[in-house]
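Since the structure comes first, as structure tokens, the remarks are kept for the end.
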Amino acid sequence: MRWLKKYVRPFDYVIVIVLFVACFLPVGIFSLTEANVNTNQKVAVISINGHVKRRIQLTAHTRHQQFTLYPAKGQYNIIEVQGARIRDKEDNSPDQIAVHTGWISQVGQQSICLPHKLPIEIKPAQAGTGTSGDTGGLVHP
């Protein structure tokens, strides 16, 4: 313990404490911003090559549906929606990463089929409607 006092000055303790607190600052900020997000209303956003193809509202009452998307010639993705969850049920990509991801149901989760450039993202639903009174392209059950 004496060797520690030989190399450490009093201001070094202040620096260590400030750095320790700074390490947990991002966690606190992230927790506060995520606490304000309404996770009860979720929307699955399905895009192909950066263009939104479908928005599906995910609730416990969303009916079961299955549909096929064709990102390009010779490519297909079968998407399945069941209640408040969604998945890429089947596709013809070589690695099957999106298929192996399985069901996603929480805000912020993603299932991405890279060869087809098809991500499925779950985002919080926006409050209200669009400027023209529409629901922003949501597919209601």
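Across every direction, the projection of the convex hull enclosing the Cα atoms of region 1-64 has a mean area of 9.6 nm².
Helical content of the chain, expressed as a calculated mean residue ellipticity at 222 nm, amounts to -8000 deg cm²/dmol (DSSP H runs of 4 or more residues, -39,500 (n - 2.57) each, divided by residue number, nearest 500). Sequence-ordered 3J(HN,Hα) estimates for region 65-76 from the Karplus curve with 6.51, -1.76 and 1.60 and θ = phi - 60° stand at 8, 9, 8, 10, 10, 10, x, 7, 4, x, 10, 8 Hz, glycine and proline given as x.
Working from label points 7 Å from Cα in the Cα-to-Cβ sense, the Trp3 to Thr59 distance is 6.7 nm. Candidate cross-link partners of Lys42 among the lysines, defined by an alpha-carbon separation under 30 Å and a same-chain spacing of 8 or more, comprise Lys53, Lys89, Lys117, Lys123. Size of the chain from its Cα atoms: along the principal axes, largest to smallest, the extents are 72, 41, 25 Å.
In summary, the aspartates and glutamates within cross-link reach of Lys73, defined as a Cα separation below 19 angstrom excluding same-chain residues under 8 places away, comprise Asp88, Glu90, Asp91, Asp95.
Please report Thr62, Thr33, Thr101 as a ranked list, fewest other C-beta atoms within 10 angstrom at the top and most at the bottom.
Numbers: Thr62 20, Thr33 9, Thr101 16.
By the 10 Å Cβ count, ascending: Thr33, Thr101, Thr62.
Values quoted throughout were computed directly from the atomic coordinates according to the rules given, and no laboratory measurement underlies them. This is a predicted model, so every value here is computed, not measured. Neighbour counts are summed over all protein chains in view; Cβ atoms, including those assigned to glycine, are modelled from backbone coordinates with ideal geometry.
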